[in-house]
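Scroll down for the structure; my scribbles are underneath it.
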Amino acid sequence: MPSYDQLREVLDPATAVLLTVECQQGVVGPDSALPELAKEARSSGALANVARLVDGAHARGLQVIHAIAERRPDGRGANRNARLFRAAERLPVQQLSGTTAVRVAAPIEVTEEDFVVRRLHGLSPLHGTEVDALLRNLGCRTLVVTGVSANVAIPNAVFDAVNRGYTVVVPTDAIAGVPSEYTPAMIRNTLALVATLTTTAELLAALRVRRG
């Protein structure tokens with residue numbers, strides 16, 4: 001794990017942004033389309049840690065972006081070129097634009113200063129969305145990636161951010177996937193190669209140290 005000084009260096013509020021990935025009611029909420037994932041996000045403490053990080057970012061002045069996956073009721077523009085997309089069409093809870101399913105889930109607080117970026121296609125919060133342009137316009141150099149799932153969207157976000165030249169920080173206890181044993185294996189064997197790994201407590205402590 002990096003030292004406080006290393007974290008402080010990359011967590012400058014002027015150049016760091018916190019990204020939450022698919023932390024929406026229809027994914028991690030009580031009425032999730034993916035109950036196993038929602039249960040893991042909550043029971044592991046990952047969702048609560050995302051909320052803690054968002055609160056810390058708000059207090060310290062780090063920009064927060066919430067990346068939401070949704071689809072039109074008619075499905076126009078949505079991918080159908082993978083089994084995951086076709087399976088999602090049959091789920092009892094649909095991530096439809098304008099519904100409660102695509103609202104940011106409690107206990108995460110959204111403020112007026114936050115950006116909420118919605119995508120209608122693909123697997124990545126960055127590719128083909130407004131996120132990359134927003135990051136560049138904000139002067140971002142470090143992206144803190146949190147949320148779900150460690151199976152698909154999180155590694156997509158990390159790889160895309162690294163490919164675009166950002167330094168990526170992943171609080172390992174603020175992401176979740178299924179089954180529970182998959183997430184630490186993916187972190188150890190994949191994310192550790194390309195991202196700076198930390199924990200929620202260490203990241204928040206670094207922010208407090210910087211504030212002093």
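General observations
- Residue among GLY122, GLY98 that alone is open to solvent by less than 30 Å² (accessible area, probe 1.4 Å), small (Gly, Ala, Ser) and farther than 15 Å from LEU53 by Cα: GLY122
- A single entry from VAL178, VAL169, VAL194 fulfils the requirement of being among the hydrophobic types (A, V, I, L, M, F, W, C), closer than 28 Å to PRO35 by Cβ and touching a helix residue (DSSP H, G or I) at 6+ places or on another chain (Cβ under 8 Å): VAL178.
- Some residue of segment 76-89 being under 21 Å from LEU203 (Cα atoms) and surrounded by fewer than 17 Cβ atoms within 10 Å (Cβ to Cβ): no
- The numbered conditions (1) open to solvent by less than 20 Å² (accessible area, probe 1.4 Å); (2) out of contact with any Ser or Thr (no Cβ under 8 Å at 6 or more places or on another chain); (3) closer than 27 Å to SER180 by Cα; (4) among the hydrophobic types (A, V, I, L, M, F, W, C) are all true for ALA48 except (1).
- Check on ALA157, surrounded by 23 or more Cβ atoms within 10 Å (Cβ to Cβ) and touching a Phe, Trp or Tyr at 6+ places or on another chain (Cβ under 8 Å): no
- Residues of segment 1-41 satisfying the condition of being of a type outside the set (D, E, K, R), assigned to a helix (DSSP H, G or I) and either open to solvent by 10 Å² or more (accessible area, probe 1.4 Å) or modelled with pLDDT of 95 or more (or both): TYR4, GLN6, VAL10, GLN25, GLY26, VAL27, VAL28, PRO35, LEU37, ALA38, ALA41
- Restricting segment 168-212 to residues that are within 16 Å of SER149 (Cα to Cα) and hydroxyl-bearing (Ser, Thr, Tyr), the residue that is most open to solvent (accessible area, probe 1.4 Å): TYR182
- Hits in segment 151-178 - residues which are of a type outside the set (A, V, I, L, M), over 18 Å from GLU22 (Cβ atoms) and not in a helix (DSSP H, G or I): ARG164, GLY165, TYR166, THR167
The values are calculated or read from the model by the stated rules, or taken from the named source; none is laboratory data. Quantities reported herein were computed from a predicted structural model and do not represent experimental measurements. Note that each Cβ is placed from the backbone with ideal geometry, even for glycine, and that neighbours are counted across all protein chains shown. Quick note on the areas: whole protein, heavy atoms, side chains included, nothing else; ligands and nucleic acids left out. Shrake-Rupley method; radii C 1.70, N 1.55, O 1.52, S 1.80 Å.
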